[in-house]
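Undergrad: A single structure is presented below for examination.
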Amino acid sequence: MEQRISHGRVHKKKKDKVSFNDLTWRKKKETLKEQREQKLVKQFEASKVAREERTQHKEEEEAFADEKPAGTTPFSLSIAIPGSFLNLAQCDELRAYMAVQVARAATIYRLEEIIVYDETGRMKQEEVDAYWSGKWQGDLKPSERNIEGNFHLAKILEYLECPQYIRKPLFPFHKALRSVGLLHPLDSAHHLKATDFTVPYREGVVLDKPCKKGRGVYVDVGLDKELFLENSTPFPPATRITVELTETGEDRRLYKGRLANAKQARDATSLYWGYSVRIAKTLGEVMDRKKYDVVLGMTPNGGSMNDVEINLMTRKRILVIFGGVQGVEAALEGDETVSVPAEQFFDQLVNPLPFGSGSRSERVEETVLITLSNLSLRLSQMIL
């Protein structure tokens, strides 16, 4: 490197920069090799970091999946809805159509339970007992003067959830079911075809056929042959049960199975196995803190669904309560057993349409579908 002296200072002459084109072919080859090696090292390091992140994420997902309840979702959803919204229907056909909207939404979003409650607080226990014993005939048309809408809704929901092949013995002719033949089927995962043997569980109904005492019962499970259930517990005819198929050979005269339940079927198959229906006399009777971890109330006066925060690792059982035409606050005010305001009764009040609606009013069955759609999206964001 050359030096020159100017005014007593020594200046170093800058070394001329050698361009890539000035290098010999050997130097060029070595330079390109170094660049490729550096690029490969960077790619390897980036790939290693990505693999570690994927492994960590997979371990978290597996740990989270181990704590899942029934089915394939890490939470369970249930709803409570007043049957009074059927009072708005002018005919049986429209009443059935409004009910099937709720049943379809429940099936799509894999609800475990639908609670039908009386928002007026006029329902009596003997009326509930009459419904479950089969004495309720549905003679009165649902209106504001009675509570018949609750029982009509419960009956239609029960009918739709039941697989088609066992409906006839379980649901004889009933006035509340006069128009259900016009409705779209739920096509739920547990509504299995007669030729489907891929699922080892099925819903069935106990047949009225003689059998040795203590040996078991004959069951219709919707297949080409009847099933013999080896069980010491006697079941009366026309009892709905869940069975696990154990022997289904073509050469058998009867199929064989053992007693199971819906939870076992969901856990074993990861398929949705329908919802249960419960009737509550009041809104306060709906609430069961031992059964539900989180209770959300739907109201136009609530906050946004985006504000809902739930720790699904510890709070998995979610109940969503809908009000009638007057809203969930009116249902709470009509319950003499509840003395706290809505803000204390619910864990959180949520507005299913925070940005308003183009309609002057939202129908209850529409609100159910909108809410479950938004809530499902919000819960999926908490999981990911």
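Readers should treat all values here as calculations from the given coordinates under stated rules, not as data from a laboratory. What you are looking at is a predicted structure, and each value in this text was computed from that prediction instead of being measured. Positions of Cβ are backbone-derived with ideal geometry, glycine not excepted, and every protein chain shown enters the neighbour counts.
Undergrad: Only helical DSSP H runs with n ≥ 4 go in: add -39500 (n - 2.57) per run for the chain, normalise by residue count and round the 222 nm mean residue ellipticity to 500 deg cm²/dmol.
TA: After summing the helix terms and dividing by residue count, I get -10500 deg cm²/dmol.
Undergrad: Between Ala238 and Arg178, with labels modelled 7 Å along Cα→Cβ, what's the label distance in nm to one decimal, could you check?
TA: Using points 7 Å along Cα→Cβ, the separation is 2.1 nm.
Undergrad: Taking only the alpha-carbon atoms of the chain, what semi-axes of the equivalent ellipsoid follow from 5 times the gyration tensor eigenvalues under a square root, in whole Å, largest first?
TA: 61, 33, 18
Undergrad: Something else: Please compute the length gained on full extension between Lys29 and Glu362, using 0.36 nm multiplied by the number of residues separating them and subtracting their Cα-Cα distance.
TA: Once the chain is fully extended between Lys29 and Glu362, it gains 112.5 nm.
Undergrad: Then there is this: Step through the table entries Lys175/Lys291; Lys135/Lys168; Lys124/Lys155, compare each Cα-Cα distance with 27 Å, and write down the pairs that go over it.
TA: Pairs exceeding 27 Å: Lys175/Lys291.
Undergrad: Residue farthest toward the positive end of the dipole of the chain, with Cβ of Lys/Arg at +1 and Asp/Glu at -1: which of Leu153, Pro200, Gln348?
TA: Positive-most Cα among the choices belongs to Pro200.
Undergrad: If each residue's Cβ is checked for other Cβ atoms within 10 Å, how do Asp307, Asp118, Asp267, Asp187 rank with the fewest at the top?
TA: With the sparsest Cβ surroundings first, the list reads Asp187, Asp307, Asp267, Asp118.
Undergrad: Here is a follow-up. What length, rounded to one decimal in nm, is gained on full extension from Lys42 through to Glu93, with 0.36 nm per residue of separation minus their alpha-carbon distance?
TA: 11.6 nm
Undergrad: Size of the dipole of the chain about the Cα centre, Lys and Arg at +1 and Asp and Glu at -1 on the beta carbon, nothing else charged, in debye to 20?
TA: 2520 debye
Undergrad: Choose one answer from Glu329, Glu34, Glu148: the residue with the largest mean-square fluctuation in a GNM of the chain with alpha-carbon springs under 10 Å.
TA: Among Glu329, Glu34, Glu148, the largest GNM mean-square fluctuation belongs to Glu34.
Undergrad: Anyone know which of Thr282, Thr31, Thr248 comes out most mobile in the 10 Å Cα GNM of the chain?
TA: Judging by the Gaussian network model, the answer is Thr31.
Undergrad: Which of Gly303, Ile114, Ser276 sits closest to the plus end of the dipole of the chain, meaning its Cα is farthest towards the positive end, when Lys and Arg get +1 and Asp and Glu get -1 on the C-beta?
TA: Gly303
Undergrad: Which whole-angstrom value gives the distance between the alpha carbon centres of region 330-357 and region 102-153?
TA: Going from one Cα centre to the other spans 21 Å.
Undergrad: Among the aspartates and glutamates, which have Cα under 19 Å from the Cα of Lys29 when same-chain residues fewer than 8 positions away are ignored?
TA: Cross-link targets: Glu37.
Undergrad: Let me ask you something else. Taking every DSSP beta bridge with both residues inside the chain, roughly what % is antiparallel (nearest 5)?
TA: 45 percent
Undergrad: With a cut-off of 8 Å between alpha carbons and a minimum separation of six or more residues, what is the relative contact order of the chain in percent?
TA: Rounded, it is 19 percent for the chain.
Undergrad: What Kirkwood hydrodynamic radius do you get for region 209-366 when you take the inverse of the mean 1/r over all pairs of distinct Cα atoms, in Å?
TA: Evaluated over region 209-366, this radius sits at 19.9 Å.
Undergrad: Could I ask something else about it? For region 201-269, what is the number of Lys pairs with C-alpha distance below 23 angstrom, counting only pairs 8 or more positions apart or on separate chains?
TA: 7
Undergrad: Next question, about the same structure. Please work out how much length the chain gains when fully extended from Val325 to Ile108, using 0.36 nm per residue of separation minus the C-alpha to C-alpha distance, in nm with one decimal.
TA: 75.7 nm
Undergrad: Using the Karplus curve 6.51 cos²θ - 1.76 cosθ + 1.60 with θ = phi - 60°, work out ³J(HN,Hα) for each residue of region 184-195 in order, rounded to whole Hz, and write x for Gly and Pro.
TA: 6, x, 6, 6, 5, 4, 8, 8, 7, 6, 5, 9
Undergrad: Given the convex hull of the Cα atoms of region 271-340, what is a quarter of its surface area in nm²?
TA: Orientation-averaged projected area of the Cα hull: 6.6 nm².
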